Amino acid sequence: MIDLYQRAPSRCIRFKFDRCDGETFMPASGVKFDPVEVPRDFRLDLYRGFALWLIFLAHIPGTIFNRITPWNYGFSDPAEVFIFVSGYANAYVYGRVMEQRGFLVGGAQIVRRALEAYVAQIFLFVILIGEVFWLSHGSLALEDVANIRVVHERPEESIMALLQLKFMPVNMNVLPLYVVVLAVSPVILWLLRKTPALALTLATTVYAAANWFALNLPSFPYGYWYFNPLAWQLLFVLGAWCGLGATDWVWPLVRSRLVLICAAVYAVSVFVLFLPWNGLNVAALVPEWSLYAFGKTNLGVLRLLHFLALAIIADWLIPREWPPLTWWVLRPLIVCGQHSLEVFCLGVALAFAGQAAAVDAPGNAIIRFLIALLGITVMVAVSALLSWYSSTRVSFRIVTDDPEARIGAVNRRAVVLLPQSVGSGPGSNPVATDLSGP
């Protein structure tokens, strides 16, 4: 979700007004420079990268990855990881900004991030339309698979619904949830910092009402949101609460041996239950009303508890200073997690193309495996390229001098900027124009 705290080379980064990176930042004239320092936590990147890989692999059918993925052995899946870690990282970074810069500055940064995700949703829709047009070759089958035939039948309504986050083609239902919970998170963070008990009570009440009264937001052309934001906001709020440090008594309780044993027993019990789930069709033996307890749309309570149990176990297995976090073998996952929004959008586009390619290669497990592997490789390569661009970013300081002195300086010395030196490649060496020196 949030990649703003990942780019500095040190173990402690500085959040500089509206940007956080490792470059030299020159504030505007009259602006006090006092960076907000945020200790980095590589575990957030690791979890997010892991979730992004699994979300991509889930949409490539018929591969070995589909058989070993976690959702085959438990109620929760990578969607819970993505939303919880997003809430955690959002509070972890912007909570400190609010603390040192105030609600207005911190809230403005969050709203900007929500707008970026909103624009990414619109841009992703355009990419999906292009993919369908290129891969379909005049057939309507892919339009039905992508759930975009309605665009041809009712174009004006479709575009308006897209802008209102009501129209969600295939695999595009996570970002709208993220945009909504992120847009309201300034108020959430403010409440969590002031009165966490009230914030958690409100979030739990909304979650219970959404499940009890079947409250949800409408989608286009029919139905409701696949990820009900009224229910999933609870997981985001819990993540934000943890990102702010929770309460003094929470971490000792969560990390106590009794809670760890209970979490492990529940996770193992669910694992044993899921072993025969598909083969024996256990779902058919379960009463229909109980399906709401682990349903995905409303984040069923058993599903929520399963994720929290796994989170408690993961916190025990992977401490903050876990040595493998610095190993090269985990670097691809961490790099993908550092650019989660970009990699998520790329993964959705690649997943649809990979799904179409896998359908055209029925029964060939090797080809499907290579398709999945190629998609992961592209995601890692793009995230590495984005990291490289971040490391080569250049900041400038605009200096305003006295007009007469500046004119005199220009007359005394002509400074030429060579056209061939302009660029961002490794061989470029741009010459900065100096208007102030003698």
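The values are calculated or read from the model by the stated rules, or taken from the named source; none is laboratory data. Because the structure is predicted, anything quoted here is derived from the model rather than measured. Here the Cβ positions follow ideal geometry from the backbone for every residue, glycine too, while neighbour counts run over all protein chains shown. The accessibility values were calculated without ligands, DNA or RNA, using every heavy atom of the protein model including side chains. Shrake-Rupley method; radii C 1.70, N 1.55, O 1.52, S 1.80 Å.
Overview of values
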{"quantity": "Val359 being open to solvent by 40 Å² or more (accessible area, probe 1.4 Å) and in contact (Cβ under 8 Å) with a residue 60 or more places away in the chain", "calculated": "yes"}
{"quantity": "Residue identified as within 30 Å of Tyr92 (Cβ to Cβ), under 20 Å from the mean Cα position of the chain (by Cα) and without any contact (Cβ under 8 Å) to a residue 24 or more places away in the chain among Leu165, Leu115, Leu124", "calculated": "Leu115"}
{"quantity": "Selection within the stretch 201-219 - in contact with a helix residue (DSSP H, G or I) (Cβ under 9 Å, 6 or more places away or on another chain) and either open to solvent by less than 30 Å² (accessible area, probe 1.4 Å) or of a type in the set (Ser, Thr, Tyr) (or both)", "calculated": "Ala203, Thr204, Tyr207, Ala209, Ala210, Ser219"}
{"quantity": "Residue check for Ala264: buried (at least 20 other Cβ atoms within 10 Å of the Cβ), touching a residue at least 40 places away in the same chain (Cβ under 8 Å) and among the hydrophobic types (A, V, I, L, M, F, W, C)", "calculated": "no"}
{"quantity": "Residues within the stretch 282-312 that are modelled with pLDDT of 90 or more and either part of a helix (DSSP H, G or I) or in contact with a Pro (Cβ under 6 Å, 6 or more places away or on another chain) (or both), tallied", "calculated": "12"}
{"quantity": "Every pair of residues 6+ apart whose Cβ atoms lie under 6 Å, when the first sits in the stretch 70-85 and is at pLDDT 90 or above and open to solvent by less than 10 Å² (accessible area, probe 1.4 Å) while the second is among the hydroxyl-bearing types (Ser, Thr, Tyr) and assigned to a loop (DSSP other than H, G, I, E, B)", "calculated": "none"}
{"quantity": "Failed condition for His306, given (1) within 24 Å of Leu124 (Cβ to Cβ); (2) in contact with a Gly (Cβ under 9 Å, 6 or more places away or on another chain); (3) crowded, with 20+ Cβ neighbours inside 10 Å", "calculated": "(1)"}
{"quantity": "Failed criterion for Phe236 (all others in (1) of a type in the set (A, V, I, L, M, F, W, C); (2) modelled with pLDDT under 95; (3) open to solvent by less than 90 Å² (accessible area, probe 1.4 Å); (4) within 26 Å of Val206 (Cα to Cα) hold)", "calculated": "(2)"}
{"quantity": "From the options Ile55, Ile60, residue that is modelled with pLDDT of 75 or more, open to solvent by less than 50 Å² (accessible area, probe 1.4 Å), touching a Gly at 6+ places or on another chain (Cβ under 8 Å) and in a loop (DSSP other than H, G, I, E, B)", "calculated": "Ile60"}
{"quantity": "Selection from the stretch 101-127 of residues that are open to solvent by less than 20 Å² (accessible area, probe 1.4 Å) and hydroxyl-bearing (Ser, Thr, Tyr)", "calculated": "none"}
{"quantity": "Identity of the residue in the stretch 41-65, aliphatic (A, V, I, L, M) and closer than 23 Å to Gly243 by Cα, that ends up farthest from the chain's Cα centre (by Cα)", "calculated": "Leu46"}
{"quantity": "Subset of the stretch 215-233 (residues that are over 23 Å from Ile188 (Cα atoms) and either assigned to a helix (DSSP H, G or I) or free of Cβ contacts under 8 Å to residues at least 40 places away in the same chain (or both))", "calculated": "Tyr222, Gly223"}
{"quantity": "Pair list, Cβ under 8 Å, 6 or more apart: the stretch 182-194 residue at negative phi, other residue among the aliphatic types (A, V, I, L, M) and open to solvent by 50 Å² or more (accessible area, probe 1.4 Å)", "calculated": "Ala183/Val111; Pro186/Val111; Leu189/Leu244; Leu191/Leu198; Leu191/Leu202; Leu192/Leu244; Arg193/Leu244"}
